[in-house]
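Engineer: I'd like to ask some things about the structure below.
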Amino acid sequence: MKLFYFAWVRQKIGRGEDEMELPAGVATIGELMSSLRARGGGYAEAFAEPQRLRAARNQDHVQFDARISDDDEVAFFPPVTGG
Amino acid sequence: MSVRIQSADFDVAAECEALTRRSGAVGALATFTGLVRGDDDLVALTLEHYPGMTEREITRHIDEAKARWPLLGVTAIHRIGRLVPGDRIVFVGAASSHRNAAFEACEFLMDYLKTRAPFWKQEERAGGVVWVEAKSSDADAAKRWKPR
């Protein structure tokens, strides 16, 4: 799967994207966040407070209980501030 | 319909002209232009976005606006990159036969642009650089448009 990070999420992780296999036992966005947090370092910092984050699956806003598969593009970012 | 994400500035008069000459039935054009406000010690704003999702999200809301109001043309432009106080940052224009549709569609699109389109602003001030926090007042403004 393809992962994208934006704004301070990208800065804390230190990169804008990752390509990886869906980790075993991960079926939702929320579970993926826990799995990424467990990597430690910048990932642990970026995913420390899930309530400060928003997510998209295949470029659509989704809630953390949305299901994901290995073909999905998932993005994590803070609440948007355009306009 | 025209949706553009660009670092270059845009010409408001040219955008208005393009929206009105398209059809003789246009009787009203409402536009909104957002500028970088030079409050306090703001030096610059830097905007980033999620290429692909941004265009998709804005297009979806324009489609929804067209389903709600009889629109004859819509343009949405959002700039990215580093902008300084006084710079134009966003433009939304809605053309219709009558003013209510144009006014309302323009407000609807701006409310959704602020709360759903994946853009993020970073503020550069004398004291350093910070990411702008989302405002609950923007979320409240978007809530007044009940799903149909």
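We did not get these values from a lab; they are worked out from the coordinates using the rules stated. Treat the numbers as computed from the prediction; the structure is a model and nothing was measured. A quick note on method: Cβ atoms are made from the backbone with ideal geometry, for glycine too, and the neighbour counts reach across all protein chains shown.
Engineer: Name the residue from B:Gly81, B:His98, B:Ala142 whose Cα lies farthest towards the positive end of the charge dipole of the range B:2-142, charges +1 on Cβ of Lys and Arg and -1 on Cβ of Asp and Glu.
Structural biologist: B:His98
Engineer: Would you mind classifying the range B:2-142 by shape? Square roots of the alpha carbon gyration tensor eigenvalues, ordered a ≥ b ≥ c; an a/c under 1.5 is rounded, otherwise it is prolate if a/b is larger than b/c and oblate if not.
Structural biologist: prolate
Engineer: Another question about this same structure. Count the lysine pairs in the protein assembly as shown whose Cα atoms sit under 20 Å apart, keeping only pairs 8 or more residues apart in sequence or on different chains.
Structural biologist: So the count works out to 11.
Engineer: Oh, and also: Based on Cβ point charges of +1 for Lys and Arg and -1 for Asp and Glu, what charge dipole magnitude is obtained for the protein assembly as shown about its Cα centre, in debye rounded to the nearest 20?
Structural biologist: Once rounded to the nearest 20, the dipole reads 580 debye.
Engineer: Say each of B:Asp11 and A:Arg15 gets a label point 7 Å from the Cα, pointing the same way as Cα to Cβ; how far apart are those two points in nm?
Structural biologist: 4.4
Engineer: Using +1 at the C-beta of Lys and Arg and -1 at the C-beta of Asp and Glu, which of B:Thr31, B:Pro51, A:Asn58 has the Cα lying farthest in the positive direction of the dipole of the protein assembly as shown?
Structural biologist: Going by the charge dipole, the pick is B:Thr31.
Engineer: Can you find, among B:Thr20, B:Gly127, A:Gln11, the residue sitting farthest towards the positive end of the charge dipole of the protein assembly as shown, where Lys and Arg contribute +1 and Asp and Glu -1 at Cβ?
Structural biologist: The one lying farthest along the dipole's positive direction is B:Thr20.
Engineer: Just how large is the dipole of the range B:2-142 about the Cα centre, in debye to the nearest 20, putting +1 at every Lys and Arg Cβ and -1 at every Asp and Glu Cβ?
Structural biologist: In debye, rounded to 20, the range B:2-142 gives about 480.
Engineer: In nm, to one decimal, how far is the B:Ala126 label point from the A:Asp70 one, both placed 7 Å along Cα→Cβ?
Structural biologist: 5.6
Engineer: Regarding chain A, what whole-number volume in Å³ per residue does the convex hull of its Cα atoms give?
Structural biologist: Given the Cα convex hull of chain A, per-residue volume reads 85 Å³.
Engineer: If you don't mind, there's one more thing I want to ask. Residues with beta-carbon under 10 Å from that of B:Val132, excluding B:Val132: net charge, scoring Lys, Arg +1 and Asp, Glu -1?
Structural biologist: Net of charged neighbours comes to 0.
Engineer: Debye sum, Cα scatterers, the protein assembly as shown, no solvent: what log₁₀ I/I(0) at q = 0.17, 0.18 1/Å?
Structural biologist: -1.22, -1.30
Engineer: Suppose R0 equals 30 Å; then what is the FRET efficiency for B:Leu35 and B:Lys143 from their Cβ-Cβ distance, rounded to the nearest 0.05?
Structural biologist: The calculated FRET efficiency here is 0.75.
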